Amino acid sequence: MQSYAMRYVGFGRESAQGNPVVPQVYVDPRRVEATPVVEEQVIGTIATRFPQLKHLGGVRAEGEIEGLFGPDTFSMLVLEMVLGKTETTTSEDYNVYNFSPLEVGETPNTYTIELRDGSIVRSIAGAFGDSMELNLRPDEPVYASLSFLALNELPGTTRTPTFSRTHTVRPEDVICMIAGETVELDELTLKLENHLSSDHYTIGSRTLNRHELGEFSVTGTFSARFGSRAHLDRFLNGQEASLLIRMRSGTVAAGIDREVVVELPRVYYSTWSCEVVPSERSVQEVEFRALATSGRDPPVRFRVQTEEQLPG
C-alpha cells in the first residue's frame, strides 16, 4: 500500500507572543495559505548603474485559512484569534463561550500555526487574526475565512494529528433578525478587521516583536426582498437597528441547541441599492456598519454553545 504525507493545520496557544508551542488542536480546513515575507532593499552606489548590494530587512508571515463555520473548536479558534477576549461558562453537558474584541491597552493571546504539506512542516509563530469574513449563502454551509499576521516562521516537526470535530451549519438552520424581526436574506457577509500593523520592527531584531492593534471595524452586506419600505426609510433617515444571527447545528443536550449567536446592537446602513430587471424579482442590496454602544460595549459579540473545548 502506498503511503502519503498527510496535510494538516495545527493550533497551539502561546504563553508569550512569538514563542512557538506544540499544537493542541488539529483541523482540516477547506483552504490554507501561508506566506513568509522578507523585506528586501537593493542598494546602488554612484560608481555604477548596476545595483550591487542587497539588504535583508524585516521578516514576518501572513496567510489565510478558510473552513466551515459552526459551534466547533475550529470556529472558536478563529473567533479568539480575531477578537481576542474570551469568557467561558461550563456546565455538566456543554460550555458557553462569549467572544468580544479587545480594547485599547489589552494584549492579544497569539497562536502557533503548524502547517504540514508533504515533507515540508512549517511552524508559524505569534499569529493573530488581522481580519475574519463570515459568509452565509442559501446554497452551501456557512463558512468563514481568517486572515492572520504572524511574527515569524520556523521549521516545524512532523505530527500524527487527530482532527477536531466539525459541526456544520446548513443554511436552513440560520435565523437572521433585524430590529427584532425575522427577515429572509438571500445572502449575508460579515467582516471583522483589526487593522494590525505589519511594519512594527525595532532595532536589534529582524522579526516583528509584538502585535499592534489598529481600529476595530465591523462591516457587512446583505441582500433581501423586503415586504415594506420600512428598511428603506430607516436608511434615508439615518436610523439604526440591531442585527442578530443565530446558527444552529443539532443539539448538545436534551432541549439545548448547539449554536453560534452573533449580536450587533447598533447597525446603520451605509448604502442601499435595488436593480429592477424584467422577469426577475427585485432584491435590495444593503451595505452596513456596526458601532459600539454609548456604554462602550463592543459593536459585535459572538456566543458559542457547544460541548467542544478551546485549547489551553
Taking segment 95-108 and the residues there that are closer than 20 Å to ASN19 by Cβ and modelled with pLDDT under 90, the one that is surrounded by the most Cβ atoms within 10 Å (Cβ to Cβ) would be PRO108
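Could you check, for segment 85-94, whether at least one of its residues is buried (at least 18 other Cβ atoms within 10 Å of the Cβ), at pLDDT 90 or above and within 14 Å of the chain's Cα centre (by Cα)? Walk me through it before giving the result.
Within segment 85-94, the subset buried (at least 18 other Cβ atoms within 10 Å of the Cβ) is 94.
Among the residues that remain, those that are also at pLDDT 90 or above are: 94.
Those left that are additionally within 14 Å of the chain's Cα centre (by Cα): none.
No, every residue in segment 85-94 fails to be buried (at least 18 other Cβ atoms within 10 Å of the Cβ), at pLDDT 90 or above and within 14 Å of the chain's Cα centre (by Cα).
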Please work out which residue is surrounded by the most Cβ atoms within 10 Å (Cβ to Cβ), limiting yourself to segment 12-70 and to residues that are in contact (Cβ under 8 Å) with a residue 60 or more places away in the chain, closer than 29 Å to LEU190 by Cβ and of a type in the set (S, T, N, Q).
-> GLN17
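Kindly evaluate VAL32 against the criterion of being in a helix (DSSP H, G or I) and at pLDDT 90 or above. Before the answer, list the steps.
Working: in a helix (DSSP H, G or I): no; at pLDDT 90 or above: yes.
In short, no.
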Take GLY12 and decide whether it is at pLDDT below 90 and farther than 24 Å from VAL174 by Cα.
-> no
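Is at least one residue of segment 174-183 assigned to a loop (DSSP other than H, G, I, E, B) and more than 21 Å from LEU79 (Cα to Cα)?
First, pick out the residues of segment 174-183 that are assigned to a loop (DSSP other than H, G, I, E, B): 179-180.
Of the ones still in play, those that are also more than 21 Å from LEU79 (Cα to Cα) are 179-180.
Within segment 174-183 (the criterion being assigned to a loop (DSSP other than H, G, I, E, B) and more than 21 Å from LEU79 (Cα to Cα)), the answer is yes, since at least one residue qualifies.
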How many residues does segment 119-165 hold that are more than 20 Å from the chain's Cα centre (by Cα), buried (at least 17 other Cβ atoms within 10 Å of the Cβ) and not in a strand (DSSP E or B)?
-> 2
Unique match (being touching a helix residue (DSSP H, G or I) at 6+ places or on another chain (Cβ under 8 Å), modelled with pLDDT of 90 or more, over 30 Å from THR112 (Cβ atoms) and not hydrophobic (A, V, I, L, M, F, W, C)) among GLU172, GLU140 = GLU140
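Taking the conditions exactly as written (modelled with pLDDT of 95 or more, part of a strand (DSSP E or B) and within 20 Å of the chain's Cα centre (by Cα)), does ARG289 satisfy them or not?
Values: modelled with pLDDT of 95 or more: no; part of a strand (DSSP E or B): yes; within 20 Å of the chain's Cα centre (by Cα): yes.
Taking the combined requirement at face value, the residue does not satisfy it.
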Which of the residues that make up segment 69-112 are within 16 Å of PRO311 (Cα to Cα) and in contact with a helix residue (DSSP H, G or I) (Cβ under 9 Å, 6 or more places away or on another chain)?
-> THR86, TYR97, PHE99, PRO108, ASN109, THR110, TYR111
Hey, PHE222 hits all of (1) modelled with pLDDT under 90; (2) assigned to a loop (DSSP other than H, G, I, E, B); (3) under 26 Å from PRO101 (Cβ atoms) but one; which does it fall short on?
-> (2)
For THR251, all conditions in the list (1) closer than 22 Å to LEU136 by Cα; (2) at pLDDT below 90 hold save one; what is the number of the exception?
-> (2)
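The values are calculated or read from the model by the stated rules, or taken from the named source; none is laboratory data. None of these values were measured; they are calculated from a predicted model. All Cβ positions, even for glycine, are placed from backbone atoms using ideal geometry, and neighbour counts span all protein chains on display.
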